[in-house]
Amino acid sequence: MTTQFDKIYHGIAQEVGKFRVAASGMAWKGEESEGVIALPSGDIKWAQWLRVARNFQLRIDMKDRRRETFDGFAREDHDKLAGLMKQHFGVTLEVRDVSFKGWNWGVTDFQGQDLAFLVSNKTSFELPLRQVANSNIAGRTEVSLEFAPSSSGKKPSRSAPDEMVEIRFYVPGTHARQRGSDAGSEKSDVEEEDEETSAAQAFHDAIKDKADIGQVTGDLVLSFEEVLVLTPRGRYDVDMFLDFLRLRGKTYDYKILYSSISRLFLLPKDDQHVLFILGLSTPIRQGQTRYQYLVMQFAREEETTAELNMSEEDITKYDRLKKNYEDPTFEVVSGVFRALSKKKIIGSGSFSSRDGHPGIKANLKAVQGDLFMLEKYIFFVSKQPTLVELSDIHQCVFSRVGASMGATAARTFDLKIVTKSGPEYTFTSINKEEHEPTESYLKDKKIKIKNEMVPDVEMMLAAGAADDDDEEMQSVASSGDEMPKPRLGGDEDDDSEEDEDFQASETDAGSPTDSDSSDDGGVTASDASGDRELAKGGKTKGKGKKKDGTAKTGAKKAKAKAKAKAADSDAEDDEEKPKKAAPTKPKPKPKVKKDAGSGDEAMDVDEEKPKAKPKPKPKPKAVTKPKADEEVEPAKKKQKTSD
């Protein structure tokens, strides 16, 4: 007797079919493809019933560890299926509870070939470990699982469903490994302390053990230990199998299919090292960083003796593959990769720099690297290699940094590559001697070239013109102050006459002090500013010294240092010394004038500077008296200021 259920889905397919149960087994047949999935009764191990997105699911586990799932059953079908399973196959239909809380924290449980995530002891979701391609520790407490796409090596169709490619688990805390009876009772305590690791590391190791990452699914052909990999940086053990290779590092393990290798490059880095580069169609990842190129570095003089773990019949199936190798390491590695991946190795072309190397030093943004000019590519090898196909180049522009950069710009140039697909790459700080071979290489490849470089002579002229412009700017800045210049000439004559009168008074009063010299500097500054009314009398001049002298000598120093040297007369030369002293001594120090004679005069000098503003009021009286008695001139000034 056969029982049939309609509108049932097989796996994650979108095709609807019919599901039949009989004593001989179970089978599913699609309505469109008419494909048949048969499950013999002798291979059925157990059955489960659980709620899924498409109603209820019947999960059948086979004795060969194969699992089949069928969705679309109604709730009422449970009793009927449970009876059929018990009647025909002697299997109990187990009901599994599913958590619908939507929590993102819970407990992980390894159930056969699946990783179950449990929330409140109920299954939230399950991950098939067979589909795990890589497991990495992203940080100290995060474990990242990467899944191999089902359509690897093929272009996915537009109607293909979305697939999860990565999932991360946050695993905090520590975990103590238990060695069991092998550790021994005496050493157990010590070893438990040594074996205590982070919970993330323990979870990562468990994933590697359960998934196909840590398992050898084929015979190991050849293994290279401690290979220096520049990108991603570190030392890795390279295990080569017939269909894939494994990179085993201290933190990261990668499984790379030979079918995902798009290009192979073998390029000399310098006289001592050689670079072997793998271009990957599916980049490997470390956290959020993607690496599309795998860059290995080998010493040129290092040699390796190796024997492949392959029979002679298998070796003959591959091109230029040998049983035994006794050659430099980079030749052995590149030869085995070329044979197993069935990709040609791209070497250095005919380009030669001034030093005879196929590459030149350059910078891309802030990253320094080697720029290789190959037959069909321009390859920039650095921490993040960049490959540009010659067929995709629209034009190349040679340019140089402006003359303002000085001698450094004259020794280097920039190469800007504009591609047809859109991106632009600007390689900077290239030695000027590499310009000629680079230009000839691009011309041979029939690439459009635009030269924006400035010859050295023009750069020198531009630098000279810049200096002339600076001088013109200075002359323009000084031309705005040309009006005070005739004042200086006219006032200097007046100053010289007035200074003679003032010096006569000073000879009678006593020897000149620093304050007097500073006052003289204030006179010239005030007279140069246009205070001609104060020049009529000696007292008004002495009072105007400290008003205008302190305020305008600073402005005069800022604006007219060059003008004073070119336009000052011999009289100004005599006055320049006190002018320089004027701004440095506006402080209370020059207040002490004991050369005047009496202590009262010294007190008057102290009051002179703080009360300099009310001085103009007694100006008319002060003007007449110094002419009559020049000797009394300083004393009368101080008495009036004290009033």
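Of note:
- The stretch 216-347 - charge dipole about Cα centre, Lys and Arg +1 at Cβ, Asp and Glu -1, debye rounded to 20: 860 debye
- Each Lys or Arg adds one and each Asp or Glu takes one away; over the other residues whose Cβ falls under 15 Å from the Cβ of GLU439, this sums to +3.
- Contour excess over end-to-end distance, with Cα ends at GLU312 and ASP114 and 0.36 nm allotted per residue: 67.4 nm
- At R0 = 60 Å, FRET efficiency that the Cβ-Cβ distance of TRP103 and LYS432 yields, to 0.05: 0.40
- For LYS322 and PHE125, the difference between the fully extended length at 0.36 nm per residue and the C-alpha to C-alpha distance is 66.1 nm.
- Of LYS365/LYS448; LYS343/LYS365; LYS269/LYS446, those spanning more than 29 Å from alpha-carbon to alpha-carbon: LYS343/LYS365
- Remark: spin-label model distance VAL95-SER391 equals 6.3 nm, labels positioned 7 Å along the Cα→Cβ axis.
- Computed label-point distance, nm, for sites LYS45 and LYS63 using a 7 Å Cα→Cβ extension: 1.1 nm
- Potential extension, MET453-SER350 segment - 0.36 nm per residue separation minus Cα distance: 34.5 nm
- Among SER353, VAL336, GLN292 - extreme Cα towards positive end, dipole of the stretch 248-401, charges at beta-carbon: GLN292
Here, each number is a calculation from the coordinates, and none is a lab measurement. The structure displayed is predicted, hence computed values, not measured ones. Note: ideal-geometry Cβ built from the backbone for every residue, glycine included; neighbour counts use all protein chains shown.
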